[in-house]
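This report refers to the structure that appears directly beneath it.
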Amino acid sequence: MIRLAIMGSGAGTNLCAIIAAVQNDQLDAEIALVISDRQKAGIIAIAEKASIPTVHIDHEAADAQNKILTALRQSRADLVALAGYMRIVRAPIIEAFDRRIINIHPSLLPKYPGRKAWQQALDAGEQIAGCSVHHVDCGIDTGEVIAQQNVPILPNDTAASLHARIQKAEWALYPRVLQSFVESPISLGTH
Ligand code: GRF
């Protein structure tokens with residue numbers, strides 16, 4: 001069993017998938033905290049509905065990174081999973097949670113980091129897109145890749161249809177990777 005903290009800014013569909021995996025005994029974890037930089041984000045509403053503690057931390061606040069770090073420590077999280085967190089996580093947090101912060105990104109990294117990765121793949125004429133779970137470092141989607149899932153690009157795909165197909169793959173991949181951390185013989189260590 002691991003304690004998870006999840007950080008996001010958006011709809012929270014990956015959080016939904018993670019909650020479902022916990023409920024279905026596919027993921028042996030307790031979701032200890034959800035942090036968002038947006039008070040009205042869907043991810044906050046989903047967490048509240050599932051009785052998961054939430055914290056809103058305004059990104060503009062001067063000490064935002066320290067506030068996040070304090071909240072993460074208080075939650076006693078073993079692992080931090082970014083799920084649509086649209087801000088950069090900076091050094092104090094990355095150092096404190098060394099190799100224990102992961103992210104899901106809608107491309108086959110190292111291809112197409114940054115925003116609207118599915119659109120970038122379409123524009124480049126790719127036939128295969130996908131999603132990646134990777135360690136978080138100080139760059140944007142640059143950390144070491146942990147696992148990937150290919151997703152086909154179909155002839156009539158629009159940005160929306162491709163994005164939807166990639167998201168479906170994310171909902172399967174992310175809980176699976178989180179469970180692999182539970183089962184990993186490599187200790188997550190203490191902090
Ligand atoms: C996902 O597509 C993820 O790959 C990207 O942000 C999106 C978050 O979606 N980093 P949601 O908030 O989990 O629905």
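The values are calculated or read from the model by the stated rules, or taken from the named source; none is laboratory data. All values derive from a computational prediction rather than experimental measurement. Note: ideal-geometry Cβ built from the backbone for every residue, glycine included; neighbour counts use all protein chains shown. Just so you know, the surface numbers come from the protein's heavy atoms only, side chains and all, with ligands and any DNA or RNA stripped out. Shrake-Rupley method; radii C 1.70, N 1.55, O 1.52, S 1.80 Å.
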Seminar exercise, completed: Selection from segment 87-104 of residues closer than 21 Å to A11 by Cβ and more than 10 Å from the chain's Cα centre (by Cα) yields R87, I88, V89
Exercise. Going through segment 130-151 one residue at a time, which ones are out of contact with any Lys or Arg (no Cβ under 8 Å at 6 or more places or on another chain), farther than 21 Å from L15 by Cβ and not charged (D, E, K, R)?
Worked result: G139, I140, T142, V145, N150
Exercise. (1) away from the ligand (no atom under 13 Å from the Cβ); (2) surrounded by fewer than 20 Cβ atoms within 10 Å (Cβ to Cβ); (3) over 25 Å from D25 (Cβ atoms): which one isn't true of G114, the others all being true?
Worked result: (1)
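Evaluate segment 58-73: report whether one residue or more is within 13 Å of the ligand (Cβ to nearest atom), surrounded by fewer than 23 Cβ atoms within 10 Å (Cβ to Cβ) and either at pLDDT 95 or above or under 25 Å from I166 (Cβ atoms) (or both).
No, segment 58-73 contains no residue that is within 13 Å of the ligand (Cβ to nearest atom), surrounded by fewer than 23 Cβ atoms within 10 Å (Cβ to Cβ) and either at pLDDT 95 or above or under 25 Å from I166 (Cβ atoms) (or both).
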For this session: Starting from segment 129-148, take each residue that is more than 13 Å from I94 (Cβ to Cβ) and list its partners that are acidic (D, E), counting only C-beta distances under 6 angstrom and pairs at least six apart or across chains.
Result: C131/E170
Exercise. Name the pairs whose Cβ atoms lie under 7 Å apart, with the first residue in segment 12-30 and open to solvent by less than 20 Å² (accessible area, probe 1.4 Å), the second of a type in the set (S, T, N, Q), and 6 or more positions between them or separate chains?
Worked result: L27/Q179
Exercise. Conditions: (1) surrounded by fewer than 20 Cβ atoms within 10 Å (Cβ to Cβ); (2) within 11 Å of the ligand (Cβ to nearest atom). A83 meets all but one. Number of the miss?
Worked result: (1)
Exercise. Does D78 qualify as being out of contact with any strand residue (DSSP E or B) (no Cβ under 9 Å at 6 or more places or on another chain) and farther than 21 Å from C131 by Cβ?
Worked result: no
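Quick check on Q148: is it touching a Ser or Thr at 6+ places or on another chain (Cβ under 7 Å), in a strand (DSSP E or B) and surrounded by fewer than 21 Cβ atoms within 10 Å (Cβ to Cβ)?
yes
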Exercise. Can you name the number of the only condition in (1) open to solvent by less than 50 Å² (accessible area, probe 1.4 Å); (2) more than 13 Å from the ligand (Cβ to nearest atom); (3) farther than 13 Å from L82 by Cβ that L4 fails?
Worked result: (3)
Seminar exercise, completed: Of the residues in segment 86-111, those that are open to solvent by less than 30 Å² (accessible area, probe 1.4 Å) and either outside any strand (DSSP E or B) or under 19 Å from L72 (Cβ atoms) (or both) number 13
